[in-house]
């Protein structure tokens, strides 16, 4: 042992230098650098430096370990109340009218716990992480939650021991590898996580027309003995029917939105809608309940997304 290395200070410097080489060298990999970015910046890199970033992220099968990046994706049904969002906003216009303006659909959601296929065919499931976090399909979830928090919906569940924000990046990477870019939707609107009860009731009132009220009465909304004015509503005047249905809907939605605000708030690092995955947007990628894994998630499922060490070498 040299005289230099025998000094404690010199030993500490040597150890720190070795640690620097060990920790910093892998950071030269583009995929690791990209995955350390905040979600909006990560998506921006996918869409502006496509050739370089997507080529690097797609090297999961070329990193000397063809199984280290495999991801299990299974179909499940899960109660709305068991899920929390990774998106900072779910808006009134994309949540409340979906069921409220479809009386038969509303009554199915209201009187049964499902499980339900929520949304149009080919886009009637959501994407979740470990049966706990919503990664894609927030407005399908909120549409059902606002009617019946106990109801279940279909999901493609990613089983992976990572934090939800990293999972969002992995989804975006998979979508980018499949489609060549990461599509997005604009945000904005009245956010249900921050809406006041007064504004919520006011917006619901705008949706209740005499025709809509009549449809609900015909489906039996006012026939329950505990409903006040039940007999009058069944045979009474238009204004009585409309007022009854409005009060009924205001009560249901107010109760459930308050529950959502109290128990199902977004992840602390949730972002706006623009940066969130849109699994169904790329052509050919259906998110169909009972169907196969969405095409845009196949790169993730097959281990193509290089997110675990060893990382494949990539250009700096």
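The values are calculated or read from the model by the stated rules, or taken from the named source; none is laboratory data. Every value quoted in this text rests on a predicted model; they were computed, and no experiment measured them. Backbone-built Cβ (ideal geometry, glycine too); neighbour counts: all protein chains shown.
Brief remarks on what is shown
For every residue, the table says whether it meets (1) at pLDDT below 95; (2) touching a strand residue (DSSP E or B) at 6+ places or on another chain (Cβ under 8 Å).
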residue	(1), (2)
70	yes, no
91	no, yes
99	no, no
141	no, yes
164	no, yes
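- Every listed requirement among (1) part of a loop (DSSP other than H, G, I, E, B); (2) surrounded by fewer than 14 Cβ atoms within 10 Å (Cβ to Cβ); (3) at pLDDT below 95 is met by residue 187 save one, (2).
- Unmet requirement for residue 123, which otherwise passes all of (1) surrounded by 17 or more Cβ atoms within 10 Å (Cβ to Cβ); (2) at pLDDT 95 or above; (3) in contact with a strand residue (DSSP E or B) (Cβ under 9 Å, 6 or more places away or on another chain): (2)
- Strands (runs of 3 or more DSSP E) fully within region 72-163 that include at least 1 residues being out of contact with any helix residue (DSSP H, G or I) (no Cβ under 8 Å at 6 or more places or on another chain) and assigned by TED's automatic domain parsing to the domain that holds residue 175: 72-79, 126-129, 152-159.
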